[in-house]
Amino acid sequence: MTQRTRNWLLLAPAGTWFLVMLIVPLTVVLIYSFGERATAGGYSAAFTLEQYANLPARWAAFKNTMILAPVGTLSAVLIAYPVAYYLAVRVDPKWKTILLVLVIVPFWTSILIRSYAWIFLLGGRGIPALLEWIGIEGVRLINTPFSVLVGIIYGYLPLMVFPIYVNLERLDKRLLEASSDLGAKPWRTFVQITLPMSIPGIAT
């Protein structure tokens, strides 16, 4: 078996998953975008640009997406980085596996169930009810940009922690020791060594 064939075989599972779970659904959405609404509802095969001509009417949705997506990503980084840094650099190795499992645990439950849990917590019988009980009235959380942001951060936080953790785990600790031996303060070591070398994990 040649090296090229071996590489293709190794890439096949991930490539198939990428094709089935991303490319095919996006292709279906693209095809549907040129269709029409059937008389009884649903999709009717056609080729029309009516949906694209109506995009200005959906500007609010685009604006919310362009705001919430980067804010959600930045918020997830600000929360995930300290967690990943602690797991990779500071935590005792005997506790590391347990803490990593705790980060994975949310994936054991369906995203739908977790989303409904947040709907309850942010709804009228959840946190607002608790705030009202302690005297803070009129708080509305559900169906607000804040609730969407909470959902984004909660849903994708583990996916942010692991790439950063893996990157920091591979960091040569001798560089940190050398920086300390040369008199650099901890914050300077972090800014000049740890953070730049963890950029690939953040980008991932």
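The values are calculated or read from the model by the stated rules, or taken from the named source; none is laboratory data. These numbers were taken from a predicted model, which means no experiment stands behind them. No Cβ is skipped: glycine too gets one built from the backbone with ideal geometry, and neighbour counts run over all protein chains shown. SASA here: full protein model, heavy atoms, side chains in, ligands and nucleic acids out. Shrake-Rupley method; radii C 1.70, N 1.55, O 1.52, S 1.80 Å.
Taking the Cα centre of the chain as origin, work out the dipole magnitude from +1 charges on Lys and Arg Cβ and -1 charges on Asp and Glu Cβ, in debye rounded to 20.
The calculation lands at about 360 debye.
Kindly report the accessible area of the stretch 1-133 per residue (heavy atoms of protein chains, probe 1.4 Å, no ligands, DNA or RNA), in Å².
Counting only protein heavy atoms, the per-residue value for the stretch 1-133 is 78 Å².
Using +1 at the C-beta of Lys and Arg and -1 at the C-beta of Asp and Glu, which of Ile127, Ala12, Ile202 has the Cα lying farthest in the positive direction of the dipole of the chain?
Looking along the dipole axis, the top candidate is Ala12.
How large are Rg and Dmax for the stretch 20-73 when only the alpha carbon atoms are used, in Å?
14.1, 40
Could you size up the charge dipole of the stretch 68-145 around its Cα centre, putting +1 on the beta carbon of Lys and Arg and -1 on that of Asp and Glu, and report it in debye to the nearest 20?
240 debye
Using +1 at the Cβ of each Lys and Arg and -1 at the Cβ of each Asp and Glu in the stretch 37-183, identify which of Leu149, Leu182, Trp118 lies farthest towards the dipole's positive end.
Most positive-ward Cα: Trp118.
Using a 10 angstrom cutoff on alpha carbons, build the Gaussian network for the chain and name the most mobile of Leu19, Leu159, Leu171.
Leu19
Pick out which of Pro25, Pro145, Pro163 has the largest mean-square fluctuation in a Gaussian network model of the chain, springs linking Cα atoms closer than 10 Å.
Looking only at Pro25, Pro145, Pro163, the largest GNM fluctuation is found for Pro25.
Assuming a ≥ b ≥ c are the square roots of the Cα gyration tensor eigenvalues, decide whether the chain counts as rounded (a/c under 1.5), prolate (otherwise, with a/b larger than b/c) or oblate.
oblate
Each label point is 7 Å from the Cα along the Cα-to-Cβ direction; what then is the distance between the points at Arg37 and Lys94, in nm?
6.4 nm
Between Ala76, Ala61, Ala38, which gets the highest mean-square fluctuation from a Gaussian network model of the chain, Cα cutoff 10 Å?
Looking only at Ala76, Ala61, Ala38, the largest GNM fluctuation is found for Ala38.
How much length, in nm to one decimal, is gained on full extension between Val166 and Ala57, taken as 0.36 nm per residue of separation minus their Cα-Cα distance?
Result: 34.9 nm gained on full extension.
Anything in the chain that counts as a DSSP H helix reaching 15 Å or more along its axis (C-alpha) with Kyte-Doolittle mean of at least 0.5? List them, would you?
What comes out of the filter, once short or polar helices are dropped, is 59-85, 93-104, 111-122, 145-169.
Ignoring any ligand, DNA or RNA, what whole percent of the accessible area of the stretch 34-181 comes from carbon and sulfur when the probe is 1.4 angstrom?
Its accessible area is 67 percent carbon and sulfur atoms.
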